[in-house]
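The values are calculated or read from the model by the stated rules, or taken from the named source; none is laboratory data. Just so you know, these numbers come straight off a predicted model, no measurement behind them. Please note: Cβ atoms are built from the backbone with ideal geometry, for glycine as well, and neighbour counts cover all protein chains shown.
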Amino acid sequence: MIKYRKATITDFQLAFDIKSNSIKPYIEEIWGWDDEVQLKFHRLDFNPDNMSFILDDDNMEVGLIDVLENDGTVFVKSILISKNAQRHGLGTAAMTDIIERSVLINKPIELQVFKINIKALTFYKKLGFKMKGDTELHHQMIRNI
């Protein structure tokens, strides 16, 4: 069973640290990483209302999920796991919880993934997500109920 902690406004830096620790290599490859630029984007994007932290067995924050529910879908804006906590089933457990919630409320799940993030693409396909579309940098995916 996975544990979560609801994010608060005071978690701005922690959320940025997890982002840096998890997807920085992909951002570096696409645009290059600039701390000031990334902090600016993070300031614009950070909303603790939709965010929860994923906790490890010691109750340390090792990941986060940012999920939006609207009238027609559940949109997974982010699921980020710190490098040292990856490949331990936390992402699968978090996505399983999201999938169970979407079935309960009878809504499909949508997300997007960097095209260069082959590991994540494979991960989502194993969970039943299908390609819905593309942008220049992302594959858009959907998992119907």
Task: Candidate set from the stretch 110-132 (those that are touching an Asp or Glu at 6+ places or on another chain (Cβ under 8 Å) and under 22 Å from Lys83 (Cα atoms)); member that is surrounded by the most Cβ atoms within 10 Å (Cβ to Cβ) - done: Lys115
Open item on the list: For the stretch 74-96: of the residues being surrounded by fewer than 17 Cβ atoms within 10 Å (Cβ to Cβ) and not small (Gly, Ala, Ser), which is nearest to Thr8 (Cα to Cα)?
Closed with: Lys77
Open item on the list: I'm checking my understanding of the structure. Among residues of the stretch 89-116 that are outside any helix (DSSP H, G or I) and among the basic types (Lys, Arg), which one is nearest to the chain's Cα centre (by Cα)?
Closed with: Lys115
- [ ] Answer yes if at least one residue in the stretch 23-41 is crowded, with 17+ Cβ neighbours inside 10 Å, of a type in the set (Val, Ile, Thr), on the phi < 0 side of the Ramachandran plot and touching a Phe, Trp or Tyr at 6+ places or on another chain (Cβ under 6 Å), and no otherwise.
- [x] yes
Open item on the list: Can you tell me which of (1) basic (Lys, Arg); (2) touching a strand residue (DSSP E or B) at 6+ places or on another chain (Cβ under 6 Å); (3) not in a strand (DSSP E or B) is the one Lys119 doesn't meet?
Closed with: (2)
Open item on the list: Can you tell me which condition Thr135 does not meet? The list is (1) surrounded by fewer than 18 Cβ atoms within 10 Å (Cβ to Cβ); (2) more than 30 Å from Gly32 (Cβ to Cβ), and all the others hold.
Closed with: (2)
TODO: For Glu28, indicate whether it is part of a strand (DSSP E or B) and out of contact with any helix residue (DSSP H, G or I) (no Cβ under 8 Å at 6 or more places or on another chain).
DONE: no
Task: Cβ pairs under 7 Å, 6+ apart, first in the stretch 1-27 and at pLDDT below 95 and among the charged types (D, E, K, R), second surrounded by 17 or more Cβ atoms within 10 Å (Cβ to Cβ) and assigned to a strand (DSSP E or B) - done: Lys19/Leu80
